[in-house]
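Notes for the one structure printed next.
The values are calculated or read from the model by the stated rules, or taken from the named source; none is laboratory data. Not measured: the values here are computed from a predicted model. In this analysis, Cβ positions are derived from the backbone assuming ideal geometry, glycine residues included, and neighbour counts consider all displayed protein chains.
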Amino acid sequence: MTEPLRIALAGLGTVGAGVIRLIETNADLLTRRAGREIRITAVSARDRGKDRGVDLSPYAWEDDMTAMAARDDVDVVVELVGGSDGPALTLARRAVAQGKSFVTANKAMVAHHGLALAREAEAAGVAMKFEAAVAGGIPVIKGLREGAAANAIERVYGILNGTCNYILSTMEDTGADFADVLAEAQAMGYAEADPSFDIDGIDAGHKLSIMASIAFGTELDFANVGADGIRRILSADIAQADALGYVIRLLGMANVEPATDAADGDTVRLFQRVHPFLVPKDHPLAHVDGATNAVVAEGNFSGRLLFQGAGAGDGPTASAVVADIIDIARGEIGAPFSIPVSELNPTAPAQTGHRTGKAYLRFQVVDKPGVLAELAAAMRDAGVSIESLIQKGAGDGPVLVAMVTHEGEEACVDKAVELLSGSPSLVEAPLVMHILKQ
């Protein structure tokens with residue numbers, strides 16, 4: 001009879017408890033699908049006495065979670081603690097060094113240290129898997145590594161942060177302002193007390209860099225993800241987008257471009273951006289509401305592939321974690337990033353000025369004569385052609401001016417914003433959002 005696959009679990013929060021419940025509830029099903037029993041043997045967390053709604057008595061307890069890596073009754077270490085460095089990283093390195101396979105939901109650690117960890121795992125001949133690190137229960141990593149493996153992926157993009165999507169879609173439905181909806185999201189547990197990682201695009205950037213590496217066979221490059229969040233979006237922007245036939249969604253987007261500089265050698269140019277986009281209402285992503293995630297991958301033979309589902313939560317994330325464990329039980333190790341680390345293409349950040357498309361620009365300006373002429377002159381001098389313009393507000397407060405450009409180079413829009421920098425007519429810096437190309 002095949003020996004059980006023995007699991008050590010570090011972190012017993014919402015997801016960790018969910019993993020225990022899933023393994024206990026679906027034990028027989030998992031055994032049939034994995035070809036062997038999946039058995040938890042050891043667990044660790046900060047507070048041993050906390051009630052987590054699961055019975056921990058069958059499992060050995062380790063106060064020092066890194067000690068689990070050296071246990072003789074452990075084959076796979078599962079890390080659900082979080083944090084890019086510290087104990088989580090120490091546990092990952094010790095597990096691999098001890099010849100244990102490693103499963104994590106920790107996108108920050110993978111984004112910052114994934115290449116080094118993958119190199120160590122490949123050298124040790126053990127698995128390193130992280131399906132749950134990107135889009136929760138949606139099998140995006142499997143989809144890119146396996147389902148779309150025959151394709152050259154031309155572009156990958158999507159809604160990667162449920163908190164931001166909840167805020168934006170709620171603003172859309174209710175007309176409420178950002179600060180009010182954020183407070184509601186915090187009260188409901190959708191947003192952290194300090195929401196910066198979510199609303200400033202960092203969380204989505206972690207996930208995007210991981211997806212890009214797998215999609216394009218390139219080295220991880222989180223440091224060069226251009227991240228811009230949703231703090232500055234007004235209910236008025238939501239309303240203007242709606243009137244123009246769009247919704248606003250925070251998207252992560254990546255694609256590769258050939259290097260144009262001979263000095264780059266074999267390096268490819270990698271474009272990675274997290275940014276609020278205006279999404280046409282007939283695009284599938286426009287209908288993704290609430291805390292849902294969705295990812296689009298465009299393959300040269302498959303065409304557009306859409307992955308959609310719950311991007312967080314105990315059940316969906318636990319499902320992704322255990323799916324990785326099943327793969328290991330079956331003996332499916334493979335290169336963590338689909339291609340061995342030594343064969344991943346080195347990258348340089350893509351230049352963005354030559355990229356073409358339409359843009360939405362919003363200005364908060366003082367209510368005085370000549371302001372529209374000043375804005376129009378800046379657009380003209382920068383080579384930006386205006387497709388439509390709307391002015392809202394009058395009286396004592398600032399006036400909102402929103403415009404949509406004709407298709408043109410991003411460098412021209414950047415130049416127009418630069419020309420207006422420091423203008424006494426502007427109450428705040430302009431907000432620029434790109435319009436998603438179909």
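So here's what we get for this one:
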| item | result |
| --- | --- |
| Meets criteria (surrounded by fewer than 20 Cβ atoms within 10 Å (Cβ to Cβ), of a type in the set (A, V, I, L, M) and touching a Leu at 6+ places or on another chain (Cβ under 8 Å)) for ILE326 | yes |
| Out of ASP381, ASP414, sole residue that is loosely packed, with under 14 Cβ neighbours inside 10 Å, in contact (Cβ under 8 Å) with a residue 24 or more places away in the chain and assigned to a helix (DSSP H, G or I) | ASP381 |
| Residue count, region 358-378 (criterion: surrounded by fewer than 16 Cβ atoms within 10 Å (Cβ to Cβ) and touching a strand residue (DSSP E or B) at 6+ places or on another chain (Cβ under 6 Å)) | 1 |
| Lone unmet requirement of (1) in contact with a strand residue (DSSP E or B) (Cβ under 6 Å, 6 or more places away or on another chain); (2) surrounded by fewer than 24 Cβ atoms within 10 Å (Cβ to Cβ); (3) hydrophobic (A, V, I, L, M, F, W, C); (4) not assigned by TED's automatic domain parsing to the domain that holds VAL274 for VAL103 | (2) |
| Test: residue in region 72-83 that is free of Cβ contacts under 8 Å to residues at least 40 places away in the same chain and in contact with a helix residue (DSSP H, G or I) (Cβ under 9 Å, 6 or more places away or on another chain) | yes |
| Selected residue (criterion: farthest from the chain's Cα centre (by Cα)) from residues of region 201-243 that are assigned to a helix (DSSP H, G or I) and among the polar types (S, T, N, Q) | GLN240 |
| Region 76-92, residues that are closer than 14 Å to ALA116 by Cα and either aromatic (Phe, Trp, Tyr) or surrounded by fewer than 18 Cβ atoms within 10 Å (Cβ to Cβ) (or both) | SER84, ASP85, THR90 |
| Qualifying positions in region 111-167 - over 17 Å from VAL295 (Cα atoms) and assigned by TED's automatic domain parsing to the domain that holds GLY201 | ALA150, ILE167 |
| Residue list for region 271-310, restricted to those being part of a loop (DSSP other than H, G, I, E, B) and either surrounded by fewer than 17 Cβ atoms within 10 Å (Cβ to Cβ) or not assigned by TED's automatic domain parsing to the domain that holds HIS206 (or both) | LYS281, ASP282, ASP289, GLY290, ASN300, PHE301, SER302 |
| Cβ-Cβ under 8 Å pairs, at least 6 apart or on other chains, region 136-150 side within 24 Å of GLY313 (Cα to Cα), far side modelled with pLDDT under 90 and of a type in the set (A, V, I, L, M) | GLY136/ALA310; GLY136/ALA312; GLY137/ALA310; ILE138/ALA310 |
| Within region 218-253, tally of residues that are within 26 Å of ALA179 (Cβ to Cβ) and of a type in the set (Ser, Thr, Tyr) | 2 |
| The listed residue being closer than 28 Å to LEU270 by Cα and of a type in the set (A, V, I, L, M, F, W, C), out of ALA193, ALA185, ALA227 | ALA227 |
| Residues that are hydrophobic (A, V, I, L, M, F, W, C) and crowded, with 18+ Cβ neighbours inside 10 Å, drawn from region 23-53 | ILE23, LEU30, ALA34, ILE38, ILE40, ALA42, VAL43, ALA45 |
| Residues (assigned to a strand (DSSP E or B) and either without any contact (Cβ under 8 Å) to a residue 12 or more places away in the chain or under 30 Å from ALA123 (Cβ atoms) (or both)) located in region 322-364 | ASN345, THR347, ALA348, PRO349 |
| Subset of region 188-200 [closer than 18 Å to PHE277 by Cα and either in a helix (DSSP H, G or I) or touching a residue at least 60 places away in the same chain (Cβ under 8 Å) (or both)] | ASP198, ILE199 |
| Options GLU37, GLU62; residue that is acidic (Asp, Glu), touching a residue at least 12 places away in the same chain (Cβ under 8 Å) and over 27 Å from GLU332 (Cβ atoms) | GLU62 |
